[in-house]
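> The structure that follows is given in the form of structure tokens.
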Amino acid sequence: MSTTWEFGDGSEVVEDDDNVDHTFTAPGTYTVTAEPGGTVEVVAPAPPTIVSLGPYPMYLTSLQFELRGVPEPVAPTWEVPDAGITAPIGGAFVAVWAYEGTYPVTVKDGVDTVASDEFEVKASGPGHIISISPTSVPRDSGEQVFVLTGENLDQFVPGVSGAVEVCNGLDMYASPAYVIDSPTQVTVTHDPALPGMAPPVGGYLDIRMRHVGPDVYGNNVRVLLT
């Protein structure tokens, strides 16, 4: 005997078996009817989601995450390919990026994807560098002055409450190849003879404000070396 199944979401199937599988495309409560048979209400839960809890206090370009809506325990593996630092901290998963932008975050249980989404990472607060000028310089430019604009940069005293840091493609800091003129200006001498600054790894410089608060790191801005 065939059974007609109506799932309450506009879909209907006829099966020769008394058992049937159906996937609801949206969460909610549905009235499922089997003819012959009867009627029952079923609840389709919301799919698991990755929820942002906001920045982690130590880093301006960071986010804390939770995985919610998982119907049964999983051993989550977090995949954040563009982040420089990732770690579980205080019940949340923390990811830190060098730059502002929109980045993918995926949680897997073994090989199965549990949830995936994209999140905007935007720095804010004192010490946040908004822009740098110039944004590109010739590789052989020698000494170059860069001017920073940002939020309350002038409140930091180099060497006391804040310091501009300069690094290159290997993330090796190039000091003493740079001089902090003021909280909003730094002079960099790009010398290929210095460790870590020879091409091709010297294709760019990263400049950031460090220690904008107790153990707080600011965001990076990038200068291309042409």
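> Among the residues that make up region 100-123, is at least one of them in contact with a Lys or Arg (Cβ under 6 Å, 6 or more places away or on another chain), modelled with pLDDT of 85 or more and under 30 Å from D181 (Cα atoms)?
yes
> If you take the residues in region 92-105 that are free of Cβ contacts under 8 Å to residues at least 24 places away in the same chain and exposed (fewer than 15 other Cβ atoms within 10 Å of the Cβ), which one is farthest from Y217 (Cα to Cα)? Talk me through it step by step, then tell me what you get.
Quick first cut of region 92-105, residues free of Cβ contacts under 8 Å to residues at least 24 places away in the same chain only: 101-103.
Checking which are exposed (fewer than 15 other Cβ atoms within 10 Å of the Cβ) leaves us with 101-102.
Values: G101: 17, T102: 19 Å.
Result: T102.
> Sticking with this one: Hey, among the residues in region 183-224 that are of a type in the set (D, E, K, R) and either under 13 Å from P134 (Cα atoms) or in contact with a Pro (Cβ under 7 Å, 6 or more places away or on another chain) (or both), which one's modelled with the lowest pLDDT? Give the steps one after another, and end with the answer.
Let us first name the residues in region 183-224 that are of a type in the set (D, E, K, R), namely 191, 206, 208, 210, 215, 222.
Next, only the ones that are either under 13 Å from P134 (Cα atoms) or in contact with a Pro (Cβ under 7 Å, 6 or more places away or on another chain) (or both) stay: 206, 222.
Details: D206: 80, R222: 84.
Among residues in region 183-224 that are of a type in the set (D, E, K, R) and either under 13 Å from P134 (Cα atoms) or in contact with a Pro (Cβ under 7 Å, 6 or more places away or on another chain) (or both), the one modelled with the lowest pLDDT is D206.
> Here is a follow-up. I'm trying to understand the selection: among the residues of region 21-50, which are of a type in the set (S, T, Y), over 26 Å from R68 (Cβ atoms) and loosely packed, with under 13 Cβ neighbours inside 10 Å? Break it down into steps so the answer makes sense when it comes.
Let us first name the residues in region 21-50 that are of a type in the set (S, T, Y), namely 23, 25, 29-31, 33, 39, 49.
Next cut, over 26 Å from R68 (Cβ atoms) only: 31, 33, 39.
Hits for region 21-50 are T31, T39.
> Quick check on G28: is it at pLDDT below 85 and either under 24 Å from the mean Cα position of the chain (by Cα) or of a type outside the set (D, E, K, R) (or both)? Before you say what the answer is, go through the steps one by one.
On the way: at pLDDT below 85: no; either under 24 Å from the mean Cα position of the chain (by Cα) or of a type outside the set (D, E, K, R) (or both): yes.
When the stated conditions are applied, G28 does not pass them.
> Within region 1-12, how many residues turn out to be farther than 21 Å from P27 by Cβ and either β-branched (V, I, T) or touching a strand residue (DSSP E or B) at 6+ places or on another chain (Cβ under 7 Å) (or both)? Outline the logic, then answer.
Here is the first cut: in region 1-12, the ones farther than 21 Å from P27 by Cβ are 1-4.
Add one more test, that the residue is either β-branched (V, I, T) or touching a strand residue (DSSP E or B) at 6+ places or on another chain (Cβ under 7 Å) (or both), and what stays is 2-4.
Of the residues in that region, 3 qualify.
> Yes or no: region 135-143 includes at least one residue that is closer than 21 Å to R222 by Cα, outside the structural domain of N219 (by TED's automatic domain parsing) and not in a loop (DSSP other than H, G, I, E, B). It would help to see each step written out before you state the result.
First, pick out the residues of region 135-143 that are closer than 21 Å to R222 by Cα: 135-143.
Now drop any that are not outside the structural domain of N219 (by TED's automatic domain parsing), which leaves none.
Checked region 135-143: no residue is closer than 21 Å to R222 by Cα, outside the structural domain of N219 (by TED's automatic domain parsing) and not in a loop (DSSP other than H, G, I, E, B).
The values are calculated or read from the model by the stated rules, or taken from the named source; none is laboratory data. This structure is a prediction, so every number in the text was calculated from the model and none was measured. Reconstructed Cβ throughout: ideal geometry from the backbone, glycine too, with neighbour counts over all protein chains shown.
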